[in-house]
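Notes follow once the structure below has been shown.
The values are calculated or read from the model by the stated rules, or taken from the named source; none is laboratory data. Bear in mind that the values here come from a model prediction, so they are computed numbers and not experimental data. So basically every Cβ, Gly included, is an ideal-geometry build from the backbone, and we count neighbours across all protein chains shown. Remember, those area values only see protein heavy atoms, side chains included, never the ligands or the DNA or RNA. Shrake-Rupley method; radii C 1.70, N 1.55, O 1.52, S 1.80 Å.
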Amino acid sequence: MTRGLELYDSPARHVAARLVAQAGAGALGGLGRAVPLRYVDRDDPRPPDERWVRVRPSLAGIGGADLALVTGRASAYLTAVVGLPFVPGREVVGRVEQQVALPDGRVLAAGARVVVDPVAPPAGSVSLSGAGSPSEAGAGVGARAAEVGVGGGGWSRVMLAHRGQLHAVPEGLPDERAVLLDALARAVHAADRARVAPGARVLVVGAGAVGLCTVLALRAFTDAGSVAVVARHPRQAQVAGRFGADAVFDPAGAVAGVRRGTHALRVTPSSGGSFLLGGVDVAVDAAGSAQALATALRTTRAGGRVVVAGTPSDRVDLTPLWARGLELVGAARTSADPGAGDVLARAWELAATAPLDGLVTGGYPLTRWRDALAHAWDAGRLGAVRVAFDPAAPS
């Protein structure tokens, strides 16, 4: 039998979870009672053909995309490809149950450690038939979700993964570093999509795992000039500085901070937020909230570039985009991305060399999923960067 966490269809609970999440830290104790998630026992998943492999997760992150799904904040565009019931969990380190030949010719023995890439292999290599039950989460709807960068399945004792999604974990690399591979790859991809010119001024809005990893990627793989970060909490600010940020602003002071750093002119309309005439050359929204994207749009110079790296979950006023001729660039990783292998190679490089120790906390058993979700939702205030499940822990 396979035990796991299953997201199920309940519009009322999605609404309730969204309201609890919006209420802030004081109401987070009720988040677990509101979300349409349940701990279930199912038959072990059955691979539909030889391309699919059973993986036993040993660490599964609770990322922003997962939280957006379970709290009902994800866009309908994304939920349309996630059939319910659905097992969340896109950041997965685990062990394969049987010997498997990878597409690059390497053969992994049973028990080998792997990262499961949430992005599916190219179209045509994945079977898209099947339902979204936990026993088929890696095959049917799970594959469709992975093709657009949603992914899932890690919040369970056993999951299915296509062999094209498997990447061997280098010997000696701890699970706590390997589980950040997806966040690192998203950051590297965002830095590529930003097309940062030498000496350009960059603002990263959001200091969760993806935002902080974006600072690492900008410093490692671009010739950016000053890099500033918008962070809500002291630990985030501390890590941002360690990763190479030149300045850190809290959300309320972001416009003023960028104005000082770029000598821009601040304009405050009679209603609505302030914006700058001038500003940074590139801004990266790494949070996915309306406030984060609004900050990015209002602090980027005319003709500059705004990259959306966080999973969008709210509406935002796009008037600054139109009025100032900004370029808005999406940065989700998909199977259609050119150079996907190079992005992953550089993400592995950061996983091995960057100062990532202490970023992953928790290791919650699946039975404590309510506590884990509350911790992950309020991670920044509690001093955490990435909270994770340990699906193999005794329940």
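Compared with the dominant Cα axis of the chain, that is its longest principal axis, helix 181-194 is turned about 40°. (1) 20.4, 65; (2) 47.0, 198; (3) 23.8, 84: which one is Rg and Dmax of the Cα atoms in Å as calculated from this entry? It is the one labelled (1).
Solvent-accessible area per residue in segment 280-325 equals 38 Å², computed with a 1.4 angstrom probe and all protein chains kept.
Here's how it looks for VAL248: its modeled amide H is under 5 Å from those of VAL229, which are all 5 or more places away or on a different chain.
For the chain, the longest principal axis of the C-alpha atoms and the axis of helix 234-243 are separated by about 90°.
Of the residues ALA21, ALA12, ALA247, the one that moves most in a GNM of the chain with alpha-carbon contacts below 10 Å is ALA12. When the charge dipole of the chain is built from unit charges on Cβ atoms (+1 for Lys and Arg, -1 for Asp and Glu) and taken about the Cα centre, the candidate among VAL107, ALA245, GLY153 whose Cα reaches farthest toward its positive end is ALA245.
When peptides 214-227, 315-328 are ranked by their average number of other Cβ atoms within 10 Å per residue, the highest-first order is 214-227, 315-328. When only alpha carbons are used to place a centre, segment 329-349 and segment 154-225 end up 9 Å from one another.
3J(HN,Hα) couplings calculated from phi for segment 344-356 with the Karplus curve 6.51 cos²θ - 1.76 cosθ + 1.60 (θ = phi - 60°) are, in sequence order, 5, 4, 6, 5, 4, 4, 5, 4, 7, 10, 6, x, 9 Hz; Gly and Pro show x. Shape class for segment 181-287, computed from the alpha carbon gyration tensor (a ≥ b ≥ c): prolate, with a/c not under 1.5 and a/b above b/c. Annotation: amide H of THR361 within the under-5 Å range of VAL385, ARG386, VAL387, ALA388, sequence separation 5 or more or interchain, hydrogens built in the peptide plane. Taking amide hydrogens as placed 1.01 Å from N in the peptide plane, the amide H of LEU59 sits under 5 Å from those of VAL93, each at least 5 positions away in sequence or on another chain. The share of accessible area on the chain that comes from carbon and sulfur is 52 percent, using a 1.4 angstrom probe.
Using a ≥ b ≥ c from the Cα gyration tensor of segment 252-308 (square roots of the eigenvalues), is it rounded, prolate or oblate, where a/c under 1.5 gives rounded and otherwise the larger of a/b and b/c decides, a/b for prolate? Oblate, since a/c reaches 1.5 and b/c is not below a/b.
Highest GNM mean-square fluctuation among ALA187, ALA110, ALA292, for the chain modelled with Cα contacts below 10 Å: ALA110.
For the chain, DSSP calls about 55 percent of its internal beta bridges antiparallel.
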